[in-house]
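To start, the structure itself, in structure tokens.
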Amino acid sequence: MMKRSLAGACCTLIASCMAATLSVPVLAAGPAAVPAMKARLAAKVPMTGLVRAGDALLALGDYGTVVRSIDHGRSWQQAVVPVNTLLTSAHFIDSQRGWAVGHGGTVLATTDGGLNWVLQQILEDKPVLLSVYFASADVGYAVGAYGSAWRTGDGGRSWSAMTVGEGDDADMHLNQLFATRDGTLFIAAEMGLAFRSEDGGTRWQRLETGVSGSLWSGLEGAGGEVVLLGMSGRVLVSQDRGDSWQVHEDASGQSLTGAVQAADGSLLVVGAGGLVLRGRERFTAEIRADRQNLAAVQRTADGAVVVAGQLGVERLTTDR
Amino acid sequence: MIEKSVLALQRFCFRFRLPILLALLAFTALMAVFAARLHMSAGFDKQLPQDHEYIQTFNQYRDVLFGANRIIVTVEASKGDIWNEKALTRLYDVTQALFFMKGVDRRTVTSLWTPNTRAVQITEEGMKAEDVIGGDVTVKALTPDNIAAIRERTIVGGFIGSLVANDSSSAMVVAELADPDPQTGERLDYFEFSQRLEKELRAAFSDEDIRIRIIGFAKQMGDISEGATSVIEFFALAFLLTTAAVYWYTRSWVLTFLPLACSLVSVVWQFGTITLLGFGLDPLAILVPFLVFAIGVSHGIQQVNYIAKEVINGADGYTAASRSFTGLLVPGTLALITAFVGFATLVLVPIPMIRELAITASVGVAYKIVTNLIMLPVLASYFRFDDAFVLRASKVEHLRNRMMAALGVHIASPRNAAIGTLVCIVLMAVAVWQSQGRHVGHVLPGAPELHDDSRYNRDVEAVVEHYSLGLDLLTVVVETPADGCYRQDVMSHVDRLTWYLANVPGVLSAQSLPTLTKLAASGVNEGNPKWAALPQDELTLGEAVRQVPEGLRLFNADCTLLPVNLYLSDHKASTIEGVVAAVKEFRSKEPFDGVTIRLASGNAGVQAATNEIVEHSELPMMLYVYATILVLVFLVYRDWRAMLACCVPLTLATFLGYWFMKELDIGLTVATLPVMVLAVGIGVDYAFYIYNRLQMHMAHGEDIVTAFKQALREIGVATVFTAVTLSIGVATWSFSALKFQADMGMLLTFMFMMNMIMAITLLPALAVTIDMLIPRRGPVRAPLMAH
């Protein structure tokens, strides 16, 4: 026992030293947490997200699992993570520096491309965090359940609460926060809600999406269009940065969880029940034989597609 | 001293031969009354080491954990799939039939047709659950359209791989048994239930298009009991074969009758004693009466051999019988004591069935001293032998003597003996090497008690192949403080344990309350995968926990029990050991206050316990038996050469037996552990007989080569014949419907024959070589047990 806490202290110490030199601030004395265990089947854990760090690809999910691939999704190496909770989202500002969030108000940071993570913060009241985005090495955002929204100006060292929705909208789940290339922030939220901020999160404007089902994620397309995805197989596309939306509804009715854009501007969307949609305004639907709930999709540096979900992470060999 | 008491006993017995025989007859009649009350008992529990940590866990929770009382019936389409009117109708009929069967807990009957089979779809409005086959669809109203809809809902509901085969070739009805009956409190009779399953389900619903498969613990037990009823036929067959063999040997019906009758008498006594001790006869221990019978016959052969030789030399029946009595009482008793000790050491194995077997076998062998060494010669004294028999017997005797003399010349010549010894050393090395990595426990899939091509195991194979179900279940029992399932820290710990174990090689899947609660948590949050975590607060956690069906048995009423169910790729000992080690490692590495992680239930857990006991018992058992033999040999011969010459061939035979087990995929189990111990205890008899004669002739001043030739001539045929008789008794078991009986039969036959061959070839070769290498200094002592 003595030995373990000593080792823990050393780790924290080393982590802080490393962090100091690489200028990612962390908690001086990390809160007690059970680290993720090294697992043979780490790449088969239920996954929630996929993120690129330069040419490397990372997937994250349950039991504090982060796996990293440097061969475009063919093989995976488990990262060292100090927590055991479900991780939900990660974002990198370059090939080395990134952040990840998860349940229990967990905020993690890495400075080595995601191989080693340190516990940077446990946010107040341990909210369920669902999305993280960093605009720079200093400025970042984290959002989550029941309207929980946070902002940092010091690379994650300290966070302050931010108000997004008001009135009835105030305690809605904020499912994903993303930015367009011009720095506008968008949030996809519960019950068809979406928000936009043009001043770095100080003021948020509610957008009229015209749908009632929860929106789970979004992205900016190559042509500057904003895309939101959500329940009932809906793909919402706005050519005017969120003022008006064009709604496509897939017949399967499955919830859509993530999308990635091909070079030709077409989308590849994944969702629950093994649903995979491909297209631009019109989509062709494919239902995977395993029917697993897919949670995320990413394109690798070599142009292949990797999906992640209930059954882990998988490189699609036959895909475009 | 000994000689005097033997003579006194002989005089006493032959003087009061009539009262003694009448008393024995009366005792036999009394025991026969008890023997008639002997019943068969399947005795699953008796196979388990009751004091073992895992078995205590198993016993404590067997009624609340998953799987023990589950019965699975599949309706399989011979061609194509089940998505047609006929197959779905048949599935409905089977569901109904199972529902109304006595002994089935109706609430638990589940198939596509039951209302508890619902497809949950998550929409914006919330979770929408609909019956896979709605109330509006009846068997008569099945159309291609609504069959297609049923199929889609089956897929959406996630029932492919659970209620419907992965390739849709069959569909399943699952039910739990009400055992004990909640109204009457009676335990379910598995044998009778299994027969009803055959009649009311398999026979009633099978035809050329539809095949019915039935698996589950109750069916397995039923089939084992059914297999065990073939006992009578085997006994009859063994008896006939033995009779024929004994007649061939003695050429006299009287001399055939004597050993068989006396051996049967001791079996009657043994059965009576078993009943009096309150034991039943279970499929595993049933081998023992056979063995005891066979041992009786083989010792009886020694008696009739002796008597015949005396008669041929001119004695009358009475004199021949009394000489046989005196001549064989001491050696016979010693040989039986060796067997007795061999059996009795098995009492030390903490598995009730082996203990029972040890007791009944020791009792049986002890009775042999009375029936074969006293009763047989006393009874024989009433018979007369005519000249025709003498003529017939002496002719046969002459022929056999010539054969054995020829064999003796070849084996005992110093050159051949040296070669024999060399072969022995090489063979020993090969056998030791080849027997490495012998299996412990059961190796092949399915019910280990039954053959792999038995109907039950073929059904198991088909279900395993077509469904995403593991049938090798190891349950880790986690005891928590009250309401443990509403505590995030406790649940999180169990979740971590589950994930830790899911990563152990050989674990196909791991299921526990937290893993399903996380899915439920995602479900109540619109199915969003980012919500698949254990909620922090008690209320939300409770809400998610309540979504998990009770029928999965992943928690008990007061939430103090959170089992982790591990489905393994197989039930090989190495696989189970890996999992057990992982559980122990987690337990010591990550202790959690108030949470106790206990091993282990499920069929694999139970097997883990048995494997541990069997594996740890084998070596001590063998050492005890060998120590006994060494002590006895030393007492009788006072000669280290004898100890070496008797035990080296025995050891070689044992290792050959291990090699045989490995080659035939016979694992070390509750059934085969006693076999190896018994085989050594009985196998040494041959060495006794041969070495005894050898020593006697050498004591008379003959050189070892001549001594051996004489020994072989005198008792070579008897020894070979004894082994053959013993083998016949057990070899019939190779055809048993129960795999472990077949394994026991094959192994025992192999061991008897091997020990016999070793005794007439290797033992003399070794004795000769030892005498060549290290010449004796003093004269050879006469053996204590003079034939």
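The values are calculated or read from the model by the stated rules, or taken from the named source; none is laboratory data. Since the structure is predicted, the reported quantities are computational estimates derived from the model, not experimental observations. Reconstructed Cβ throughout: ideal geometry from the backbone, glycine too, with neighbour counts over all protein chains shown.
Overview of results
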item	result
A:Arg74 basic (Lys, Arg) and either touching a residue at least 40 places away in the same chain (Cβ under 8 Å) or more than 14 Å from every other protein chain (Cβ to nearest Cβ) (or both)	yes
The range A:79-108: number of residues that are in contact with a Lys or Arg (Cβ under 8 Å, 6 or more places away or on another chain) and under 19 Å from A:Ser69 (Cα atoms)	4
Residues of the range B:452-505 classified as under 25 Å from B:Ile155 (Cα atoms) and free of Cβ contacts under 8 Å to residues at least 24 places away in the same chain, total	3
Qualifying residue in the range B:445-455 (condition: over 20 Å from the mean Cα position of the chain (by Cα), over 30 Å from B:Gly408 (Cβ atoms) and not basic (Lys, Arg))	no
Hits in the range B:506-515 (condition: hydrophobic (A, V, I, L, M, F, W, C) and within 12 Å of chain A (Cβ to nearest Cβ))	B:Val507, B:Leu508, B:Ala510
In the range A:293-308, the residues that are buried (at least 18 other Cβ atoms within 10 Å of the Cβ) and of a type outside the set (A, V, I, L, M, F, W, C)	A:Asn293, A:Gln298, A:Arg299, A:Thr300
Selection from the range A:163-204 of residues that are within 17 Å of the chain's Cα centre (by Cα) and part of a helix (DSSP H, G or I)	A:Glu190
Output for the range A:84-127, where each listed residue is touching an Asp or Glu at 6+ places or on another chain (Cβ under 8 Å) and away from every other protein chain (no Cβ under 13 Å)	A:Ser95, A:Gln96
Residue within the range B:127-135 that is surrounded by fewer than 17 Cβ atoms within 10 Å (Cβ to Cβ), within 27 Å of B:Glu550 (Cβ to Cβ), within 14 Å of chain A (Cβ to nearest Cβ) and without any contact (Cβ under 8 Å) to a residue 12 or more places away in the chain present	yes
Test: A:Val211 is out of contact with any Pro (no Cβ under 6 Å at 6 or more places or on another chain) and in a strand (DSSP E or B)	no
The one condition in (1) on the phi > 0 side of the Ramachandran plot; (2) modelled with pLDDT of 95 or more; (3) away from chain B (no Cβ under 14 Å) that A:Tyr63 fails to fulfil	(3)
Residue within the range B:744-763 that is farther than 22 Å from B:Ala687 by Cβ, among the aliphatic types (A, V, I, L, M), touching a helix residue (DSSP H, G or I) at 6+ places or on another chain (Cβ under 9 Å) and in a helix (DSSP H, G or I) present	yes
Filter pass, B:Thr229 being crowded, with 19+ Cβ neighbours inside 10 Å and polar (S, T, N, Q)	no
When residues of the range B:516-534 are limited to those that are in contact with a strand residue (DSSP E or B) (Cβ under 9 Å, 6 or more places away or on another chain) and closer than 29 Å to B:Val579 by Cα, the one farthest from the other protein chains (Cβ to nearest Cβ)	B:Ala532
Subset of the range B:179-196 that is modelled with pLDDT of 85 or more and in contact with a helix residue (DSSP H, G or I) (Cβ under 6 Å, 6 or more places away or on another chain) - its residue that is farthest from B:Gly103 (Cα to Cα)	B:Ser194
Yes/no for B:Lys395 being of a type in the set (D, E, K, R) and exposed (fewer than 15 other Cβ atoms within 10 Å of the Cβ)	yes
Matching residues, the range B:539-568, being within 14 Å of chain A (Cβ to nearest Cβ) and in contact (Cβ under 8 Å) with a residue 40 or more places away in the chain	B:Leu541, B:Leu566
Candidate set: the range A:248-271, residues that are within 13 Å of chain B (Cβ to nearest Cβ) and of a type in the set (S, T, N, Q); chosen: the one farthest from A:Gln176 (Cα to Cα)	A:Ser252
Only listed residue being assigned to a loop (DSSP other than H, G, I, E, B), of a type in the set (Phe, Trp, Tyr) and within 11 Å of chain A (Cβ to nearest Cβ), chosen from B:Phe586, B:Phe592	B:Phe592
Candidate set: the range A:213-226, residues that are of a type in the set (A, V, I, L, M) and surrounded by fewer than 24 Cβ atoms within 10 Å (Cβ to Cβ); chosen: the one farthest from the other protein chains (Cβ to nearest Cβ)	A:Ala222
Answer from A:Val247, A:Val237, A:Val276, A:Val313 - the residue that is part of a strand (DSSP E or B) and buried (at least 23 other Cβ atoms within 10 Å of the Cβ)	A:Val313
Long-range neighbours under 6 Å by Cβ, at least six apart or interchain, first residue not assigned by TED's automatic domain parsing to the domain that holds B:Gly222 within the range B:192-206, second part of a helix (DSSP H, G or I) and crowded, with 17+ Cβ neighbours inside 10 Å	none
Residues of the range B:207-226 satisfying the condition of being of a type outside the set (A, V, I, L, M, F, W, C) and either touching a residue at least 12 places away in the same chain (Cβ under 8 Å) or touching a helix residue (DSSP H, G or I) at 6+ places or on another chain (Cβ under 6 Å) (or both)	B:Glu208, B:Asp209, B:Arg211, B:Arg213, B:Gly216, B:Lys219, B:Gln220, B:Gly222, B:Asp223, B:Ser225, B:Glu226
Filter pass, B:Ala218 being in a helix (DSSP H, G or I) and in contact with a strand residue (DSSP E or B) (Cβ under 7 Å, 6 or more places away or on another chain)	yes
Per-region count, the range B:565-604, residues surrounded by fewer than 17 Cβ atoms within 10 Å (Cβ to Cβ) and of a type in the set (S, T, N, Q)	4
Qualifying residue in the range A:239-247 (condition: within 14 Å of chain B (Cβ to nearest Cβ) and of a type in the set (Lys, Arg))	no
Residue ID - farthest from the other protein chains (Cβ to nearest Cβ), chosen from residues in the range A:280-304 that are under 22 Å from the mean Cα position of the chain (by Cα) and closer than 16 Å to A:Gly221 by Cα	A:Arg299
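Here is a yes/no grid of residues against (1) in the same structural domain as B:Arg211 (by TED's automatic domain parsing); (2) modelled with pLDDT of 90 or more:
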| position | (1), (2) |
| --- | --- |
| B:Leu21 | no, yes |
| B:Leu24 | no, yes |
| B:Ala32 | no, yes |
| B:Pro49 | no, no |
| B:Phe58 | no, no |
| B:Trp83 | yes, yes |
| B:Val94 | yes, yes |
| B:Thr110 | yes, yes |
